[in-house]
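Notes to accompany the following structure.
The values are calculated or read from the model by the stated rules, or taken from the named source; none is laboratory data. The shown structure was predicted, so the numbers you read here are calculated from the model rather than taken from an experiment. Here the Cβ positions follow ideal geometry from the backbone for every residue, glycine too, while neighbour counts run over all protein chains shown. Note: areas computed on protein heavy atoms with side chains; ligands, DNA, RNA excluded. Shrake-Rupley method; radii C 1.70, N 1.55, O 1.52, S 1.80 Å.
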Amino acid sequence: MEGARERWVRTGGIELCVAELGDPEQPTVVLVHGYPDSKEVWSEVAVRLAERFHVVLYDVRGHGRSTAPAPLRGGFTLEKLTDDFLAVVDAVSPDRPVHLVGHDWGSVQAWEFVTVKRTEGRIASFTSMSGPSLDHFGHWIKSRMTRPTPRRVGQLLGQGAKSWYVYMLHTPVLPELAWRGPLGKRWPRILERVEKVPSGDYPTSSLPQDAAHGAWLYRDNIRARLRRPRADAYAHVPVQLITPTGDAFLSERLYDDLELWAPQLVRRTLPAKHWVPRTRPDRLAAWITEFITANEDGVPAKDAAATGPYADRFGGQLVLITGAASGIGRATAFAFAEAGARIVAVDRDAEGAARTADMSRLIGAPEAWAETVDVSDEQAMEKLAEKVAAEYGIVDVLVNNAGIGLSGSFFDTTTEDWKKVLDVNLWGVIHGCRIFGKQMTERGQGGHIVNTASAAAYQPSKALPAYSTTKAAVLMLSECLRAELAGQGIGVSAICPGFVNTNITSTARFAGVDETEEKRRQKKSARLYGLRNYPPEKVATAILRAVVKNQAVVPVTPEARGAHLMSRFTPRTLRAIARLEPPL
Amino acid sequence: MPTAVKTELDARLSGFREVQRLAYECAEAVAAQLKPGVTEREAARMQREWLRERGVRDWFHLPFAWFGDRTAFVNFRIPLQFFPTNRRLEAGMPFILDMAPVYKGFTADIGYSGCLGLNPVHNRLLADLEVHRELILREVREQRPLREIYEDVDRLMVRQGYANRHRAYPFGVIAHKVDQVKERRWSPNVFGFGTQSLKGLASDALHGHRDGWSPLWSPYKFSDHPPRPGLWAVEPHLGFRGTGAKFEEILVVTDSKDPEQSAFWLDDDLPHVRRWAEEKAA
């Protein structure tokens, strides 16, 4: 690891290789790696944390450059691992409690550290990812065995299937042979293909050795702990639980009852696979920093106050919304703000955008900014992207929502009208996807793009030819982009709201009529939309859900859903409806 | 204006002013006693008892109390949901006390928004109500049709990022006329509304129907007329994601030619007005 200061810590006949980064005066963070890894698994996260903290990593006994116990059997018990941890902590931070972060087996061990008596006062906080406490796991299994309901049996079988490798590792000799043989050679490529772990300095060349030794972690602890779990395994420090939703080895259900064991629990979910320290270092570093800072000052993290649904998912993320000065855009900004996201509210209307940002801060956004940009202006969008990336970071969720209305028959619609509506409704989305989407792919740590299309995208109408054309284009663009970005963990959703009570009607242009008639029609359509009275807040909820579930096309209002169904099964009926004159 | 008419008007207005002050005093007294665990029903009863003790015998409507997200009328579908429930007050929760007592033959109808402890969202809503009070008075003085003023209030709320919650009131009213009420020995209530006052409103509606105006200020066609002289209880009500705030007080509309005299708020010494003044001073 570059820039790391190495030292050796002796404990129980073992030499542990310890690396330190950052200013030793700052709070100490200890990162514990999992199986089959060495401390290098943390390198991406460690350099990010080193800017603020004193970061300490060590190779667990038998891994990396640390020595292995002899004999191996009985040398990897949780008690001995706790001895190692205390020895490291005493060496690197003798008079201050440390913040603990564990991944996979690192987290399994760390659960032991934070629930046993002898470490009390030595740990300040614990961030756990992809590694349950074996004791909690034991109780989890027991409670499901003693009171089996169909759902609980399902959970048991589901986790049982995901744990296949645990049984394999209990067979003697074979795993060692496999790791030292073909599996060890192939492992980096398997990680790259299945887990999307970027290739680089990880995994290290010590992998076959590490994996072979590490099998004893399982053999020495699993059976004993699962059979007789400790009854007093309560965490004595605040815990942050980060759950990757795509973890192939651990089901999300494992942590259902965790509040019982860890009273001060903050939950986070991340749409990623198992090796998050490699694939999502930015997000992890941000959450760890926030959690440590909160527990260092003794004040709870600001966005812990975010109470909205999906606060575990969007807390601290950066969300950029165009057309955020009113309607669906504003409601979406508020919904994300309630989930604790940081908001960039973009609109042509500076005052409205500022208001959105202002109110977002009041309801849970830790930070919110307003930007005045016309989405159809490519250079302005480029500039915005540069500024956002430099000052606030890379956008995690992009909502291309800005749009304008245009009604009037095809032959009434002038070239100017066409240009204008294409510029905003289509080019605005193209610019957004291209410029911000590029930043997302370059970072390579996932993200999501939401494009606001319309039910008009699949519902033809003689009254809205230009508008519907742009929206249909947005829908198709979203679907194509979704296919293109799927491999990079970036989701794309198209939202088709339907008739929603926003001011798009009162600002819509009506082609082919004079000004007074246009005013009258704007008023009339605004009134009709008002009578329908479908609130933009419900669309915002649908947008958040679409991001969480990574939905492709989301019709929102019942009429939008109805039209979507009809477009698939009875398109002729829709074509007949398209001929009707709207009641304006 | 002839002096005799003016004195008569002043006497009437001071009657209304007195009962409005009494109602706000009641609201402040009850608000000061609210603590975590108090239910809406209890708060409503506290208002009723406080006013009964001070001589109120009849009501335009019985006191209401709304706590938490009920201040924003979240998921209100039927009018019965306006009535106080067993919802308990918690720290940081907003509340609204709304009452319309009749005292010595004069009616008041007030709304008092408060909050148990700190709630920045609620503070912002209350502060943002000030422009609505100014807007309503200005446009009434301009003799704009009530429906248009309603729409302007609506637009302002949308611009501020809020939902218009007075739309949830019966007929979606933002205001209704109030008048003097004959004192009767027996004045029963129907669904929380005093029959005497309802009689007055109904007769206004009947007369108004003939002359093309309405005692209800709503977004509908029947409110498409300039403000009628009389006393209007105006209640703009903002809602923002589970937090609501409103004020309600009497606006006096006369047929005077002088714009200043044609419309004015009955009283400028009310809790919410004082609050805005204090904020400006600070």
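Among what's in segment B:16-33 and is in contact (Cβ under 8 Å) with a residue 24 or more places away in the chain and open to solvent by 10 Å² or more (accessible area, probe 1.4 Å), pick the residue that is nearest to residue B:270 (Cα to Cα).
Filtering first and then ranking leaves B:21.
Residues in segment B:71-93: is at least one among the hydrophobic types (A, V, I, L, M, F, W, C) and assigned to a strand (DSSP E or B)?
Checked against the condition, which is being among the hydrophobic types (A, V, I, L, M, F, W, C) and assigned to a strand (DSSP E or B), segment B:71-93 yields no hits at all.
For residues that are touching a residue at least 60 places away in the same chain (Cβ under 8 Å) and crowded, with 21+ Cβ neighbours inside 10 Å, scanning just segment A:368-400, find the one that is farthest from residue A:287 (Cα to Cα).
Of the residues in segment A:368-400, the ones touching a residue at least 60 places away in the same chain (Cβ under 8 Å) are A:388, A:392-400.
Cutting the leftovers down to crowded, with 21+ Cβ neighbours inside 10 Å gives us A:388, A:395-400.
Numbers: A:388: 20, A:395: 16, A:396: 14, A:397: 16, A:398: 20, A:399: 23, A:400: 26 Å.
Checked segment A:368-400; the qualifying residue farthest from residue A:287 (Cα to Cα) is A:400.
State whether the residues of segment A:182-198 include one that is under 26 Å from residue A:265 (Cβ atoms) and open to solvent by 40 Å² or more (accessible area, probe 1.4 Å).
Taking every residue of segment A:182-198 in turn, none turns out to be under 26 Å from residue A:265 (Cβ atoms) and open to solvent by 40 Å² or more (accessible area, probe 1.4 Å).
Out of everything in segment B:146-176 that is open to solvent by 20 Å² or more (accessible area, probe 1.4 Å) and touching a strand residue (DSSP E or B) at 6+ places or on another chain (Cβ under 7 Å), what residue ends up being farthest from the other protein chains (Cβ to nearest Cβ)?
Residue satisfying both the conditions and the ranking: B:171.
Of all the residues that make up segment A:525-538, how many are open to solvent by 80 Å² or more (accessible area, probe 1.4 Å) and away from every other protein chain (no Cβ under 11 Å)?
2
Hey, could you check segment B:234-250 for residues that are assigned to a strand (DSSP E or B) and within 10 Å of the chain's Cα centre (by Cα) and say which is farthest from the other protein chains (Cβ to nearest Cβ)?
Quick first cut of segment B:234-250, residues assigned to a strand (DSSP E or B) only: B:234, B:237-240, B:243-246, B:248-250.
Now drop any that are not within 10 Å of the chain's Cα centre (by Cα), which leaves B:234, B:237, B:246, B:248-250.
Details: B:234: 22, B:237: 16, B:246: 18, B:248: 24, B:249: 26, B:250: 29 Å.
The qualifying residue farthest from the other protein chains (Cβ to nearest Cβ) is B:250.
Yes or no, residue by residue, for (1) hydrophobic (A, V, I, L, M, F, W, C); (2) under 28 Å from residue A:525 (Cβ atoms); (3) open to solvent by less than 10 Å² (accessible area, probe 1.4 Å):
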site	(1), (2), (3)
A:446	no, no, yes
A:450	yes, yes, yes
A:469	no, yes, no
A:480	yes, no, no
A:484	no, no, no
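Which of the following residues is surrounded by fewer than 24 Cβ atoms within 10 Å (Cβ to Cβ), among the aliphatic types (A, V, I, L, M) and more than 17 Å from residue A:429 (Cα to Cα): A:365, A:350? Break it down stepwise before answering.
Numbers: A:365 fails: surrounded by fewer than 24 Cβ atoms within 10 Å (Cβ to Cβ).
After applying the criteria, what remains is A:350.
Please verify whether residue B:187 is modelled with pLDDT under 90 and touching a Gly at 6+ places or on another chain (Cβ under 8 Å), treating the condition exactly as stated.
yes
From the list A:438, A:462, A:549, pick out the single residue that is open to solvent by 60 Å² or more (accessible area, probe 1.4 Å), in contact with a Lys or Arg (Cβ under 7 Å, 6 or more places away or on another chain) and either away from chain B (no Cβ under 14 Å) or among the β-branched types (Val, Ile, Thr) (or both). Don't jump to the end; show me each part of the working.
Working: A:438 fails: in contact with a Lys or Arg (Cβ under 7 Å, 6 or more places away or on another chain); A:549 fails: in contact with a Lys or Arg (Cβ under 7 Å, 6 or more places away or on another chain).
From the options A:438, A:462, A:549, the qualifying one is A:462.
If residue A:516 satisfies every condition in (1) part of a helix (DSSP H, G or I); (2) of a type in the set (S, T, N, Q); (3) crowded, with 19+ Cβ neighbours inside 10 Å but one, which is the exception?
(3) is the only condition that residue A:516 fails.
Would you mind telling me which numbered condition in (1) in a loop (DSSP other than H, G, I, E, B); (2) open to solvent by less than 60 Å² (accessible area, probe 1.4 Å) residue A:494 fails?
(1)
Report yes if residue A:191 is modelled with pLDDT under 95 and closer than 22 Å to residue A:44 by Cα, otherwise no.
Against the criterion (modelled with pLDDT under 95 and closer than 22 Å to residue A:44 by Cα), residue A:191 qualifies.
Looking at segment A:540-562, can you tell me whether even one residue there is assigned to a helix (DSSP H, G or I), touching a Pro at 6+ places or on another chain (Cβ under 7 Å) and more than 23 Å from residue A:326 (Cβ to Cβ)?
yes
For residue B:181, are the conditions met, namely being in a helix (DSSP H, G or I), of a type in the set (A, V, I, L, M), surrounded by 19 or more Cβ atoms within 10 Å (Cβ to Cβ) and more than 14 Å from chain A (Cβ to nearest Cβ)?
Criteria not met by residue B:181.
Does segment A:145-166 contain at least one residue that is surrounded by 18 or more Cβ atoms within 10 Å (Cβ to Cβ), touching a residue at least 24 places away in the same chain (Cβ under 8 Å) and farther than 23 Å from residue A:244 by Cα?
Checked segment A:145-166: no residue is surrounded by 18 or more Cβ atoms within 10 Å (Cβ to Cβ), touching a residue at least 24 places away in the same chain (Cβ under 8 Å) and farther than 23 Å from residue A:244 by Cα.
Please list, ordered by residue number, the strands (runs of 3 or more DSSP E) wholly in segment A:1-65 having 1 or more residues that are touching a residue at least 24 places away in the same chain (Cβ under 8 Å), farther than 19 Å from residue A:289 by Cβ and open to solvent by less than 20 Å² (accessible area, probe 1.4 Å). Before you say what the answer is, go through the steps one by one.
On the way: elements: A:5-11, A:14-21, A:28-32, A:54-58.
In segment A:1-65, A:5-11, A:14-21, A:54-58 are the strands (runs of 3 or more DSSP E) which contain 1 or more residues that are touching a residue at least 24 places away in the same chain (Cβ under 8 Å), farther than 19 Å from residue A:289 by Cβ and open to solvent by less than 20 Å² (accessible area, probe 1.4 Å).
Can you find, within segment B:115-125, the residue that is nearest to the other protein chains (Cβ to nearest Cβ) among those that are touching a helix residue (DSSP H, G or I) at 6+ places or on another chain (Cβ under 7 Å) and open to solvent by less than 40 Å² (accessible area, probe 1.4 Å)?
It comes out as B:121.
Being closer than 20 Å to residue A:7 by Cβ, among the small types (Gly, Ala, Ser) and either buried (at least 23 other Cβ atoms within 10 Å of the Cβ) or more than 26 Å from the chain's Cα centre (by Cα) (or both) is the requirement here; does residue A:107 meet it?
Judged against the criteria, residue A:107 is not a match.
Which one of A:432, A:447 is in contact with a Gly (Cβ under 9 Å, 6 or more places away or on another chain) and modelled with pLDDT of 95 or more?
Step by step, each of A:432, A:447 is checked, and only A:447 is in contact with a Gly (Cβ under 9 Å, 6 or more places away or on another chain) and modelled with pLDDT of 95 or more.
In segment A:74-104, which residue that is under 19 Å from residue A:223 (Cα atoms), charged (D, E, K, R) and in contact (Cβ under 8 Å) with a residue 60 or more places away in the chain is least open to solvent (accessible area, probe 1.4 Å)?
Restricting to residues being under 19 Å from residue A:223 (Cα atoms), charged (D, E, K, R) and in contact (Cβ under 8 Å) with a residue 60 or more places away in the chain, the top hit is A:104.
In segment B:126-140, how many are within 14 Å of chain A (Cβ to nearest Cβ) and either aromatic (Phe, Trp, Tyr) or touching a residue at least 60 places away in the same chain (Cβ under 8 Å) (or both)?
Step one: list which residues in segment B:126-140 are within 14 Å of chain A (Cβ to nearest Cβ), which gives B:126-128, B:131.
Add one more test, that the residue is either aromatic (Phe, Trp, Tyr) or touching a residue at least 60 places away in the same chain (Cβ under 8 Å) (or both), and what stays is B:126-128.
Residues meeting the conditions: 3.
Suppose we filter segment B:251-274 for residues that are in a loop (DSSP other than H, G, I, E, B) and not small (Gly, Ala, Ser); how many remain?
Here the count works out to 9.
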